[in-house]
Amino acid sequence: MIDCLTDDRLREVLHRIWGFSDFRPLQREAMHAVLERRDSVVVMPTGGGKSLCFQVPALIDDGDVTEAVTGSRRGFALVVSPLISLMKDQVDGLRVDGVDAAYLNSTLAPSDRDAVMASLRADRCRLLYVSPERLVGDGSQGFRRFLAECRVRFVAIDEAHCISQWGHDFRPEYRQLGRVREEFGQASLHAFTATATERVRRDIVSELRLRDPQMLVGSFDRPNLIYRVLRRNNLHRQILQVLARHQRESGILYCISRREVEALAEWLKGEGHRAVPYHAGFDDRARAQYQDDFLQERADIVVATVAFGMGIDRSNVRFVVHAGAPRSPEHYQQESGRAGRDGLPAECVLIYSGNDFQRWRQMLEANGELTDSSRALLRDMERYASGTRCRHRALVEYFGDVYTPAPCAACDWCLNELDEVADGTTVARKVLSCVARVKQSWGLAHVADVLIGRANEKITAAGHHALSTFGLLKHESSAVVRGYIDQLVEQKLLAREGDPYPVLRLTGAGTAVLKGEGECLLFREVQPPAPKRRHGRALIAPTADPDLFDVLRSVRLRLARERNVPPYVIFHDTTLRDMADRRPATVDDLHDIYGVGVKKAADFGEAFLAAIREFEKPGR
């Protein structure tokens, strides 16, 4: 146990460097595990402050913690990070905060690489970021030997879910990281991730060869996120309705295919939005440019495949829209979690069709990745999309956590944006009857077309236009009827069976309802309320003075461009809102503002104070 270092020492570093006055949930325990040299697995929601769990202990010398003889070298923390962009992002932020941090990757010029190596030899570097490929790839033994000589104090493995084949974003190189245990002597290993089911956590422990690790699993809930799920009908109109609630705010729009990414990005530009595309088909230079445009706030919206986003730290993303269902709840949690990292309200909208899941099955099969596990994950995602209960509860319970608030007041279900169908049981029996009359041999789209009375070639060829159930729900749209069918599947009155083209079949419970032996509730989507506007801004996260907030944002943008770093590296929106509300007058006052450390107050404080003074001048 730590006997010399108190929590006050940790809080002092946390406040002096980062401007935070206290720990977030589990941060204290995670920091103690690092300082006690006990292996750990830390699962925190996106935006929960995972990085601080290893960054703060890296600035605490061994002499502050233990009397053990470790030699004259202070040493450094080794951070394994999956993406070059993530490394640069975190190192830029640490340097602005006054922390000696560096990264080694293929983007560095030889002179820059030599400078990093020199800083390690001279014992100046406190945190070094590397990729798993560089650490354990072919020919890396000499590099690991060099790091050991410079004294690795502990190893932090970020995005640790990449280790597990049962999770998302699996990276084969991550599974080799267990070998660093023997090469770095007494260095402890610490795995960090935002999304890991119990099975994934067990896999992490096994593959990293962790020794009696401390398991720290926080809540998977993101209470500041508003979740909505919409059946896709007119995608462009549905996207514009979301954007109307987020004027002049930043967001991410995810698509399943590269073709959809490019088409939607071009359409958004034509609608007057600052949008850029991003997918793995672009060359490295183009991808880097588009990502930089978004991070540097030259673009408000990035339209992307899942190739974009892991580790993106832009904190003021106010909305994430999925224009198609992702392939698992883990992917959805990770991708939607890129909204609202600053803790302020943000919106996550899933716009899906049942065809999305069929497309995923076909793509996975073509890539040789359609396994029992991937099928199960798709079914889990389908259940979330078609579910009619609290979205927060559904996600939290999927990850094995307990959800206690009721209602959440932050999803379409709890906000009463789903209308109960007046006679749901009668509507359900019409759907179930149609499935029976097509002899339980057709899929969701076909059954929906029969019910709305669409006499297309396939229906007339099968003679289904002559069925008594043809046109029974002709007053409803196709999207609404498909939504009813999804709900009946979710309620286990219908089952979707067979690959690659699943058909609808009646379950025992569905047969009972069809015979009049049970009841059923069905719901219809309604449009979310129009946004309240003031000064042209959709006030999802209002501040006392939005005009001053805009002034401070412009100061932040200017300072960021002078230093060639993303604006959120200077200050997060949370900090600017605190400034706008409290209006500090001196540099000392800034020390009480959330997220303002000593170095940032010294480097940037006067620019923001001057802007506040100018704003407050009479007659302005």
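The values are calculated or read from the model by the stated rules, or taken from the named source; none is laboratory data. All of these numbers come straight from a predicted model, not from anything done at the bench. Here the Cβ is made from the backbone with ideal geometry for all residues, glycine too, and neighbour counts use every protein chain on show. Keep in mind that these areas ignore ligands, DNA and RNA; they rest on the heavy atoms of the full protein, side chains included. Shrake-Rupley method; radii C 1.70, N 1.55, O 1.52, S 1.80 Å.
Here are the numbers:
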{"item": "Cross-link pairs LYS430/LYS458; LYS50/LYS88; LYS430/LYS474 - those with Cα-Cα distance over 19 Å", "result": "LYS430/LYS458"}
{"item": "Within the accessible area of the stretch 381-482 (1.4 Å probe), percent carbon and sulfur", "result": "49"}
{"item": "Stokes-Einstein D (µm²/s) once Rh is taken as the Kirkwood radius of the chain over alpha-carbon pairs, at 10 °C in 1.306 mPa s", "result": "60"}
{"item": "The chain: angle of helix 258-270 to the longest principal axis, Cα-based, in degrees nearest 10", "result": "80"}
{"item": "Charge dipole (debye, nearest 20) of the stretch 222-328; +1 at Cβ of Lys and Arg, -1 at Cβ of Asp and Glu", "result": "500"}
{"item": "Average projection area in nm² (convex hull over Cα atoms of the stretch 317-442, one quarter of hull surface)", "result": "10.1"}
{"item": "Protein-only accessible surface order, largest first, of ASP401, ASP499 at 1.4 Å", "result": "ASP499, ASP401"}
{"item": "Förster-model FRET efficiency, 51 Å R0, THR460 and ARG383, C-beta, rounded to 0.05", "result": "0.95"}
{"item": "Local electrostatic count at VAL79 - Lys and Arg +1, Asp and Glu -1, tallied over other residues with Cβ under 13 Å", "result": "+2"}
{"item": "Electrostatic dipole magnitude of the chain [Cβ: Lys, Arg +1; Asp, Glu -1; Cα centre; debye, to 20]", "result": "1220"}
{"item": "Solvent accessible area, Å² - ARG383, 1.4 Å probe, full protein context", "result": "110"}
{"item": "Residue order for VAL306, VAL229 - accessible surface, 1.4 angstrom probe, largest first", "result": "VAL306, VAL229"}
{"item": "List LEU14, LEU377, ordered by accessible area with a 1.4 Å probe, largest first", "result": "LEU377, LEU14"}
{"item": "Ellipticity estimate at 222 nm from DSSP helix runs (n ≥ 4, -39,500 (n - 2.57)) divided over the chain, nearest 500", "result": "-12500 deg cm²/dmol"}
{"item": "Heavy-atom accessible surface of the stretch 121-160: percent carbon and sulfur, 1.4 Å", "result": "40"}
{"item": "The chain: angle of helix 7-18 to the longest principal axis, Cα-based, in degrees nearest 10", "result": "80"}
{"item": "Cβ-derived FRET efficiency at R0 41 Å, ARG437 paired with GLU369, nearest 0.05", "result": "0.65"}
{"item": "Charge dipole of the chain about the Cα centre (unit charges at C-beta), most positive-ward option of LEU590, SER206, PHE399", "result": "PHE399"}
{"item": "Solvent-accessible area of SER433 with every protein chain in place, 1.4 Å probe, in Å² to the nearest 10", "result": "30"}
{"item": "Rounded to the nearest 20 debye, dipole of the stretch 135-183 from Cβ charges on Lys, Arg, Asp, Glu", "result": "200"}
{"item": "Contact order relative to length of the chain, as percent, for alpha carbon pairs under 8 angstrom and 6 or more apart", "result": "14"}
{"item": "Solvent accessible area, Å² - LEU576, 1.4 Å probe, full protein context", "result": "0"}
{"item": "Packing-based order for 33-39, 53-59, 502-508, using average beta carbon neighbours within 10 Å, highest first", "result": "53-59, 33-39, 502-508"}
{"item": "Cα long-axis angle, helix 235-244 against the chain (0 to 90 degrees, to the nearest 10)", "result": "50"}
{"item": "Surface share of carbon and sulfur [accessible, 1.4 angstrom probe, percent] for the stretch 273-340", "result": "45"}
{"item": "Debye equation applied to the C-alpha atoms of the stretch 300-372, log10 I(q)/I(0) at 0.15, 0.21, 0.23, 0.25 Å⁻¹", "result": "-0.56, -0.95, -1.08, -1.21"}
{"item": "Selection from SER441, ILE612, SER315 lying farthest towards where the dipole of the chain points positive, charges on Cβ", "result": "SER441"}
{"item": "Accessible area per residue in Å² at 1.4 Å probe, computed on the chain", "result": "41"}
{"item": "For the chain, with +1 on Lys and Arg beta carbons and -1 on Asp and Glu, the positive-most of ALA101, PHE20, HIS464 along the dipole", "result": "HIS464"}
